[in-house]
1. Residue 30 passes all but one of (1) open to solvent by less than 50 Å² (accessible area, probe 1.4 Å); (2) touching a helix residue (DSSP H, G or I) at 6+ places or on another chain (Cβ under 9 Å); which number fails?
2. Which condition number in (1) loosely packed, with under 10 Cβ neighbours inside 10 Å; (2) outside any helix (DSSP H, G or I) is the one that residue 17 fails?
3. Any idea how many residues of the range 33-51 are farther than 20 Å from residue 67 by Cα and either of a type in the set (Phe, Trp, Tyr) or open to solvent by less than 100 Å² (accessible area, probe 1.4 Å) (or both)?
4. Could we say that residue 62 is in a loop (DSSP other than H, G, I, E, B), surrounded by 13 or more Cβ atoms within 10 Å (Cβ to Cβ) and hydrophobic (A, V, I, L, M, F, W, C) here?
5. Of the residues 54, 22, which single one is open to solvent by 100 Å² or more (accessible area, probe 1.4 Å), part of a strand (DSSP E or B) and among the basic types (Lys, Arg)?
6. Just one of 37, 50, 19, 46 is without any contact (Cβ under 8 Å) to a residue 60 or more places away in the chain and in contact with a Cys (Cβ under 9 Å, 6 or more places away or on another chain); which is it?
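The values are calculated or read from the model by the stated rules, or taken from the named source; none is laboratory data. These figures come from a predicted structure and were not determined experimentally. Using ideal geometry, Cβ is built from the backbone for each residue, glycine included, and neighbour counts are taken over all protein chains shown. Note: accessible area is taken over every heavy atom of the protein model, side chains too, but ligands, DNA and RNA are not part of it. Shrake-Rupley method; radii C 1.70, N 1.55, O 1.52, S 1.80 Å.
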Amino acid sequence: MKKTVLRENKDFRTLYYRGASRVSPVLIVFVRKNRLGITRVGITTGKKVGKAVRRSRCRRVIRAAWR
């Protein structure tokens, strides 16, 4: 299964508006079906995680775990 990462703001806005969400204490996951035949993942982190460097590191770790 091929995977890509969401990076553009318009993709995230569509996902927030039309997707479904699953919530846990440490992570919120938004999902939406597509017809592309590939899995696309978008990872966001809130300001509660820490400052910019720490948030970026968290996103990189989660992205690596996804791969």
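1. Status for residue 30: all satisfied but (1).
2. Status for residue 17: all satisfied but (2).
3. 3
4. no
5. 22
6. Unique residue meeting the criteria: 50.
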